[in-house]
Structures are given as structure tokens and as C-alpha cells.
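Asker: Encoded as C-alpha cells, here's the structure I'll be asking about.
The values are calculated or read from the model by the stated rules, or taken from the named source; none is laboratory data. Keep in mind it's a predicted model, so treat the numbers as computed, not measured. Neighbour counts run over all protein chains shown; Cβ positions are idealised from the backbone, glycine included. SASA here: full protein model, heavy atoms, side chains in, ligands and nucleic acids out. Shrake-Rupley method; radii C 1.70, N 1.55, O 1.52, S 1.80 Å.
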Amino acid sequence: MSVSSDPADLGLLEAAALLRARQLSALELAEACLSRIEEVNGGEPSFDGAPDAINAWVRLYPDLARDHARDADERLARDGEAAPLTCGIPLAVKDLYGMAGLPLTASSRVLEGNVASEDAEAWRRLRGAGMVPLGHTHTHEFAAGGTTDQVGNPWALDRVAGGSSGGSAAALAARMTPAALGSDTCGSLRIPAACCGVSSIKPSHGRIPIAGVIPLSASLDHVGPMARSVTDCSALLAALAEAGPETTALMPPPRPMGELPLAARPGPRPLEGLTVALTDRPGHTDMQDEVASAYETARQACEQLGARVVELGSPWTFDWDDLSIVLMSDVWAYHSQHADRHELYRPAIAEFVEIARNFTDAQAYMAAQQRRAQGTAAWEDWFAANGIDAVLEPTLPIVPYERGPGYDRGHAGGPGDPMIALTALWDMTGMPVVTLPAKWNVGMSLIAPRGKEAELVQAAIDLQEHKLPTAHCQLPTS
């Protein structure tokens, strides 16, 4: 990507290089992003959005951003190259992450007036690394869906931005921020990345603590980075993971992942020695022609870069009833506290919570979690026995559809929802996934065993930098 004269167009690593060289100040960068937001967001942040607005943000914090930027400039001047790589980089924070003293609402009227008492661990780590918070971005209400209908897709405002991290993806695509936080329970990092032509990394489950993040399903939730490129996501993941993984009884902590790469490998065949598998999973979905064509392009790209590409049957897929048992039991464990405010949910989310209310069978929950663990082990064995380094598959079998009805009753998701047809398995197994755009409206995913983030990210960077470059959308103006 060519460096623009407008700092708001810079990616994370591009901006970091200029900040460290003192050719750009953190305050200048923050001001450029705030100006871009004012220019293209489509007016002040709103709860419901509008057909002609991106509306990526729930709330903006311009004064706080300027304060953090000034602190970052002082730190960069004092510490120079010893300052964290992300020092001075603006950040969009999904409205699930607590930031002490600031509102935290999960894009819901149920939490109107709620203020976070402490920082989410992920934000605490990024704050310590000198990042500059621009504001909270919209989520599909309580992260319980894949469309985020109050947000417009910057490439086509009448299309969904995806969800639940739709505001973060839209803010990135519209170049309002170079970096963003999202979360993923059944696909909520990867779905909006695929819909908006940006990149994301869902790390191994437990890699980054979820403490201080409003949960959807604690045993499925993943914290993760979003950016326009995989290299930028990798830099953000490194900052998020530096203090170590989460200790949880739900799943063993992931093995150490080693140093994350920040650049593509040189030469015409950087994927030489890697084996990439195509499974039968995409064939079991109703894949649209545009997605199938991009999938074939990605397969050819892997081969052209030196990878051995093989076709293998998948060893296990979850029963949708088990996903419902795990997800909905966790959902009710959190949402039971809001039973007296039920009328404040959007209709589809009210329906979702009404369904969750019935999931209180502890024995069924434990049995479903056991089957999940067995299936995860089957996938781990499959990777090892077949010498597979990564699985390649479309992130979504469809392109973004028309925005609007996602909060209507009858849209609570679940079996048959194309948005999670391919993504949900990798939350059930807790395996790391990198999503990168093949086109502005089609994402590709690379998946590896738990703990293999570094190798996986390197392959994704090579694929993106050599064969599947990112693109810029034509920005709307207010």
C-alpha cells in the first residue's frame, strides 16, 4: 500500500515506523483519525444508525484520545526504539471491553447508564503498550449475531458489515483507525472481516484473557485483533499476548506460540514445505459462485507460492444441538441478571435470550463440553497424522447480503445460518484462524492447531503480501 499524505490512511506498522522516526507525532495521527471519522462516519454516533451512514461508533472519546496521544509522544521521545511497537497507534475498541470510568453498553439499551469499573485485561495491556483509544465501536447487540445492522458496510452501505464486531471492521475499512479490538464466539472477528475486506486473527482459545469483556459464551469467547493487513494484526496480537495466556478450567492454556512475524518471507515460493488442506466442509454449504471462484484463486495462490495442497475429509464436526447447549447455557448464565429489563433488548436478541432461558441442564452442558473436547482432540490428531500445517477454506459461503432485518424476530441465528456455517467449528475447537480478504466481500481463512499462531500468521502474511493484497474502498463523505 502506498503511503498517503493523510496519516489516517496509514496501517499500524507504517504509522509505527513514522512515529519511531519522529516523522509523525501520535497527536497528529490521532487528529487525522478523528478528522476522518468526522468526514466519513455519517454524522454523530447513533444507536440505530441510518441507511446512508457507516455509523461504526457507539461513542467517541476525542479528548481522551488526545491525552493518550500526548502521553505516547512523550514516551516515544523518552524511550525511542525501546518504546512498544504499538505506542501512539490509534485503536477502536469494541463495545464489550471495559475501560475504567467509561460507558460500557454492548450496543444495548439494557446496559444504558452502565459504566465500567475496571479495564478489561486486553485493553489494560494495550493501554500499557501506549495505544490511543478513539472510542467504542458498535457490536451486534451483546455480540449475539452476525450482521450489526446499525452499521453500514463502507464498500456498500446497503450491505451488512457482518458481526458481531461490525463496527470495528467498518471503522477499519473506512480508514477511521489502523487497529481495532474485536471478539469471536461463533465467528464474530472473522465474519465482519470477510464482509468488509479487512483482516483478523482469532488466536487459540485462552491466548488472551477475556476478563473485563462482556461475555456471550465464556467457554467459546475469544479476544482478537483486527486490522487492514495480517501484519498489522500480528503486531497487535503480540501486544495483547505479551503478558501470557489465560488460566481456565474450561480448556487447557495454549502452548507458547513463539515470536509472531511482521513481514512476508522473500522469494517466489515462501510457502515451500507447507502442506495446506482443503476439506469437504465448504462443499457441505450452499456456497455462492463468487465465493467458490475466490476459493479456487486462493488455492492456486497457495500452490504458486510453493505449498503442497491436498484434499482430505474432515475428522469431526460438532452436533448443532451441542453448540446450542454450550452457547445458550453460557448466555443465560450472564443474561439472567437482566431479566427485569427484558423489554429493552432488540427483538431478535430478546428472542435469543428467551431461548437461552431454557438451557439450565448441567448434565447436558457437561456432556456437550465433553464431546467438544473429544472432537477437538480428533482434529489435533488429524493435523498431526496427515502432516497438515493449515486448512484453507472460505470464511463465509456467501457474500454480504442486504442490511436491515437482522434484529427482527426470526433472525436469532443457529443451525442453517450461513454466517456461522464455516466459522463456528473453530470456536468449538479453540483453534487459531487468520482471515484475510480475497476480494472486498469474500474472506479466506487459514486454520492451524492450537498454539501454532506464529506459523499460521506467517503463512497468511505470505499469502496476502504475495498474492492476495488488500484494497481500498471508495469512502463515502458526510
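Asker: Considering only A179, T275, S324, whose Cα is most displaced toward the positive end of the charge dipole of the chain, charges sitting on Cβ of Lys, Arg (+1) and Asp, Glu (-1)?
Answerer: Of the candidates, T275 comes out farthest on the positive side.
Asker: Would you work out if segment 208-303 is rounded, prolate or oblate? Take a ≥ b ≥ c from the square roots of the eigenvalues of the alpha-carbon gyration tensor; rounded if a/c is under 1.5, else prolate when a/b is larger than b/c, oblate otherwise.
Answerer: It comes out oblate by the Cα gyration axes.
Asker: Here is a follow-up. Let me spell out the model: positive unit charges on the Cβ of Lys and Arg, negative unit charges on the Cβ of Asp and Glu, origin at the Cα centre of segment 366-478. What dipole size does that give, in debye rounded to 20?
Answerer: It comes to approximately 260 debye.
Asker: May I ask you to list the residues of segment 32-52 whose amide nitrogen lies under 17 Å from a point 7 Å from Cα along the Cα→beta-carbon direction of R109?
Answerer: In segment 32-52, the label zone of R109 (backbone N under 17 Å from the point 7 Å along Cα→Cβ) covers 46-50.
Asker: Before I look further, what does segment 119-197 give for accessible area per residue, probe 1.4 Å, in whole square angstrom?
Answerer: 11 Å²
Asker: From the backbone phi of segment 213-225, what are the Karplus-calculated ³J(HN,Hα) couplings (6.51 cos²θ - 1.76 cosθ + 1.60, θ = phi - 60°) in whole Hz, Gly and Pro given as x?
Answerer: Those phi angles translate into 9, 4, x, 9, 8, 4, 7, 10, 5, 10, 7, x, x Hz.
Asker: For segment 58-126, what Kirkwood radius comes out of the mean inverse Cα-Cα distance, in Å?
Answerer: 13.4 Å
Asker: At a Förster distance of 30 Å, what's the computed FRET efficiency of D67 paired with Y334, Cβ-Cβ distance as r, to 0.05?
Answerer: That gives a FRET efficiency of 0.40.
Asker: Could you give the semi-axes, largest first, of the ellipsoid that matches segment 338-478, computed as the square roots of 5 times the alpha carbon gyration tensor eigenvalues and rounded to whole Å?
Answerer: Semi-axes from the Cα gyration tensor: 32, 27, 11 Å.
Asker: Between rounded, prolate and oblate, where does the chain land on the alpha carbon gyration tensor, with a ≥ b ≥ c its root eigenvalues, rounded for a/c under 1.5, else prolate if a/b exceeds b/c?
Answerer: Verdict is rounded for the chain.
Asker: Related question: In nm, to one decimal, how far is the T247 label point from the E402 one, both placed 7 Å along Cα→Cβ?
Answerer: In this crude spin-label approximation the distance works out to 5.4 nm.
Asker: May I ask you to give the solvent-accessible area per residue for segment 263-350, in square angstrom, as obtained with a 1.4 angstrom probe?
Answerer: Accessible area per residue: 49 Å².
Asker: Figure the gain on full extension for E272 and Q474 (residue separation times 0.36 nm, minus the Cα-Cα span) and round it to one decimal in nm.
Answerer: Going from the current span to full extension adds 69.1 nm.
Asker: To continue, here is another question. Go through segment 462-472 residue by residue and turn each phi into a ³J(HN,Hα) via Karplus (6.51, -1.76, 1.60, θ = phi - 60°); whole Hz please, and just put x for glycine and proline.
Answerer: Couplings: 4, 5, 5, 6, 8, 10, 10, x, 6, 9, 9 Hz.
Asker: Return a whole-number percent for the relative contact order of segment 24-122, with Cα pairs under 8 Å and 6 or more residues apart as the contact set.
Answerer: For segment 24-122, the relative contact order is 22 percent.
Asker: Could you work out the helix-only [θ] at 222 nm for the chain, with each DSSP H run of four or more residues adding -39,500 (n - 2.57) and the total divided by the number of residues, to the nearest 500 deg cm²/dmol?
Answerer: Estimated from H runs of four or more residues: -11000 deg cm²/dmol.
Asker: Can you give me the % of accessible surface on the chain that is carbon or sulfur? Probe 1.4 Å, all protein chains present, nothing else counted.
Answerer: Here carbon and sulfur together make up 50 percent of the probe-accessible area.
Asker: Let me ask something else about it. What is the spin-label model distance, in nm, from D280 to E380 if the labels are put 7 Å beyond Cα along the C-beta direction?
Answerer: Once both label points are built, they end up 2.5 nm from each other.
Asker: Also: Skipping prolines and chain starts, which residues have an amide H placed within reach, meaning under 5 Å, of the one on K94, given they are 5 or more residues away or on another chain?
Answerer: T137, L181
Asker: In whole Hz, what ³J(HN,Hα) sequence does segment 165-170 give by Karplus (6.51, -1.76, 1.60; θ = phi - 60°), x for Gly and Pro?
Answerer: Listing the rounded values in order: 8, x, x, 5, 5, 5 Hz.
Asker: Return a whole-number percent for the relative contact order of segment 200-324, with Cα pairs under 8 Å and 6 or more residues apart as the contact set.
Answerer: Contact order relative to length: 23 percent.
Asker: Answer rounded, prolate or oblate for segment 60-211, using the Cα gyration tensor with square roots of eigenvalues a ≥ b ≥ c: rounded when a/c is under 1.5, else prolate when a/b is larger than b/c, else oblate.
Answerer: In terms of gyration-tensor shape, prolate.
Asker: Please name whichever of A83, L13, S46 sits farthest to the positive end of the charge dipole of segment 1-127, dipole taken about the Cα centre and charges placed at Cβ: Lys and Arg +1, Asp and Glu -1.
Answerer: A83
Asker: In the chain, if the dipole is taken from +1 on Lys/Arg beta carbons and -1 on Asp/Glu beta carbons about the Cα centre, which of A438, S204, T139 is farthest to the positive end?
Answerer: Value: S204.
Asker: Give, rounded to the nearest 20 debye, the magnitude of the charge dipole that segment 1-80 has about its Cα centre when Lys and Arg contribute +1 at Cβ and Asp and Glu contribute -1 at Cβ.
Answerer: Charge dipole, segment 1-80, about its Cα centre: 380 debye, nearest 20.
Asker: Near the amide H of V309, under 5 Å away, which other amide H atoms are found, from residues 5 or more places off or on another chain, if H is placed in the peptide plane?
Answerer: HN-HN under 5 Å from V309: V276.
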